[in-house]
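What follows is a short report on a single structure.
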Amino acid sequence: MIPVSASTLDSNLIGKSEHSTLSWQQQMAQSFKSAGELLEFLNLKPADLPYSIDDSQPFSTRVTRHLASLINANNPYDPILLQVLPTQQENTDIKGFVADPLEEATANPIPGLIHKYKNRVLIIAHQACAMHCRYCFRRHFEYQQNNLNFENLEKIRCYLSEHPEINEVILSGGDPLSISDNKLAAIISTLNTIPHLRFLRIHSRTPVAIPDRLSDDFINLLTNQRLTTTMVVHINHPNELPEQLKRRLLSLKAAGVNLLNQSVLLKTINDSADILIELNKKLFEAGVMPYYLHMPDKVQGTSHFYIDHTQAAEIWDKMQRELSGYLVPKLVREIPGKVSKTWVNPTHESEY
Ligand SMILES: *Cc1c(COP(=O)(O)O)cnc(C)c1O
Ligand code: SF4
């Protein structure tokens, strides 16, 4: 993150409507970093809320002003607020909810690289995210040991060169869009030198926190290189997709970048077919095709977001009945040790 000097931080610029006049780095720097700050901005008092806040969580609060401006402060169950506000429920310990449910630590051959599936690898491009989602499955990941420095990038290049079965590299995190375009360019140009690589994928939730991160410079960076590129945005609720983000996504698409979305199915946030139906229509209007609807992982401290299979399958069934086929995401979960994500079967019996 680029540090912002005091002189560039004109307090008049921090108001709700003008936040986008700041660079994305400035917007990142001006995030709310505690539940207290966020609630103050929203004019809410902890005592007004029907649940208890826990501002001492080691996985800290992080909310950009753009994201905060999308929250309806009159609704304590606002779907964006609940995704970013740390509550006492995170201290509930439930059997089966563990720190590393995906067992990623066992598929980590080089710091910064996860190779679980045959043809594709995941690069942890950066540990930080522009927002901290309370349900995050990487909230306990050992990021310190997975910093992508120059030395590790060279090791990753060697590893990829020695594995011709790998044709796609996925930049993930944390969030890969937390790093500068220069650093991204360095990673992407390294990948471009490996002849058997064909596809580049970027998974990011930063556009939800800071739509301006999808700048023209960033778009140029993705289009002036050899690999066929897909951006997978992580949008869970239609409220996360205002006009401003839609415009940036359409620019990205017009430049030739494929756009997909993955959502996590989360209790009280989007555990409703109607909400997800609206989300997928809105995504399509923004040039984004549905990819995955993820079952939540059993991560320690996130049990209050968990949805079971029966309910998930019912939601998915309704989506399938009411959406055009191409707008129905695959309902999947991740089971450690499997060769890919696992499709979750819907409830209804085959009709033939
Ligand atoms: C999810 C995931 C991928 C990508 O899987 P797709 O099904 O192709 O989206 C790759 N590597 C790891 C470690 C993953 O968790
Ligand atoms: S942006 Fe993704 S990786 Fe970062 S906190 Fe949210 S869910 Fe986790």
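Things worth noting here:
- Considering the conditions (1) within 18 Å of Thr268 (Cβ to Cβ); (2) at pLDDT below 95; (3) open to solvent by less than 40 Å² (accessible area, probe 1.4 Å); (4) part of a loop (DSSP other than H, G, I, E, B), Ile71 is excluded by exactly one of them, (2).
- Residue among Ser189, Ser180 that alone is within 27 Å of Lys246 (Cβ to Cβ), among the hydroxyl-bearing types (Ser, Thr, Tyr) and away from ligand 1 (no atom under 14 Å from the Cβ): Ser180
- Subset tally (residues that are in contact with a Phe, Trp or Tyr (Cβ under 7 Å, 6 or more places away or on another chain) and either in a helix (DSSP H, G or I) or open to solvent by 20 Å² or more (accessible area, probe 1.4 Å) (or both)) for region 262-275: 4
- Scanning region 40-67 for residues that are in contact (Cβ under 8 Å) with a residue 40 or more places away in the chain and in a helix (DSSP H, G or I) returns Arg65, His66, Leu67.
- Meets criteria (in the same structural domain as Ala125 (by TED's automatic domain parsing), within 29 Å of Ser263 (Cβ to Cβ) and either in contact with a strand residue (DSSP E or B) (Cβ under 9 Å, 6 or more places away or on another chain) or open to solvent by 30 Å² or more (accessible area, probe 1.4 Å) (or both)) for His203: yes
- Of the criteria (1) within 12 Å of ligand 2 (Cβ to nearest atom); (2) part of a loop (DSSP other than H, G, I, E, B); (3) in the same structural domain as Gln27 (by TED's automatic domain parsing); (4) in contact with a Ser or Thr (Cβ under 9 Å, 6 or more places away or on another chain), which one Cys129 fails: (3)
- Cross-chain or 6+ apart pairs with Cβ under 7 Å, region 271-299 first and closer than 16 Å to Thr230 by Cβ, then part of a strand (DSSP E or B) and not aliphatic (A, V, I, L, M): Leu283/Asn261; Leu283/Pro290; Val288/Asn261; Pro290/Asn261; Tyr291/Asn261; Tyr291/Gln262; Tyr292/Gln262; Tyr292/Lys330
- Residue match in region 169-176 (condition: open to solvent by 30 Å² or more (accessible area, probe 1.4 Å) and either in contact with a strand residue (DSSP E or B) (Cβ under 8 Å, 6 or more places away or on another chain) or away from ligand 2 (no atom under 13 Å from the Cβ) (or both)): no
- Taking first residues from region 160-183 that are touching a residue at least 60 places away in the same chain (Cβ under 8 Å) and partners that are in a helix (DSSP H, G or I), the Cβ contacts under 7 Å between residues at least 6 apart in sequence or on separate chains come to Ser178/Thr206.
- Selection status of Thr92, hydroxyl-bearing (Ser, Thr, Tyr), away from ligand 2 (no atom under 13 Å from the Cβ) and touching a helix residue (DSSP H, G or I) at 6+ places or on another chain (Cβ under 9 Å): yes
- Hey, Leu259 more than 13 Å from ligand 2 (Cβ to nearest atom) and either of a type in the set (Asp, Glu) or surrounded by 23 or more Cβ atoms within 10 Å (Cβ to Cβ) (or both) or not: no
- Note on region 276-302: residues that are open to solvent by less than 60 Å² (accessible area, probe 1.4 Å) and within 16 Å of ligand 2 (Cβ to nearest atom) amount to 10.
- Applying the set (1) modelled with pLDDT of 95 or more; (2) within 16 Å of ligand 2 (Cβ to nearest atom) to Tyr159 leaves exactly one unmet item: (2).
- Taken over region 323-348, the criterion of being under 15 Å from Lys282 (Cα atoms) and among the aromatic types (Phe, Trp, Tyr) is satisfied by Tyr326 alone.
- Qualifying residues in region 105-123 (those that are touching a Phe, Trp or Tyr at 6+ places or on another chain (Cβ under 7 Å) and open to solvent by less than 50 Å² (accessible area, probe 1.4 Å)) - the one farthest from ligand 1 (Cβ to nearest atom): Ile110
- Every residue from region 303-317 that is open to solvent by 60 Å² or more (accessible area, probe 1.4 Å) and in a helix (DSSP H, G or I): His309, Thr310, Gln311, Glu314
- Here region 163-197 is the region considered, the condition is being within 23 Å of the chain's Cα centre (by Cα) and among the β-branched types (Val, Ile, Thr), and the residue that is farthest from Thr230 (Cα to Cα) is Ile179.
- Which numbered condition Met231 fails, given (1) within 16 Å of ligand 1 (Cβ to nearest atom); (2) loosely packed, with under 15 Cβ neighbours inside 10 Å: (2)
The values are calculated or read from the model by the stated rules, or taken from the named source; none is laboratory data. Keep in mind it's a predicted model, so treat the numbers as computed, not measured. Because the Cβ atoms are built from the backbone with ideal geometry, glycine has one as well, and the counts that use them run over all protein chains shown. Areas reflect the complete protein model, heavy atoms only, side chains present, ligands, DNA and RNA absent. Shrake-Rupley method; radii C 1.70, N 1.55, O 1.52, S 1.80 Å.
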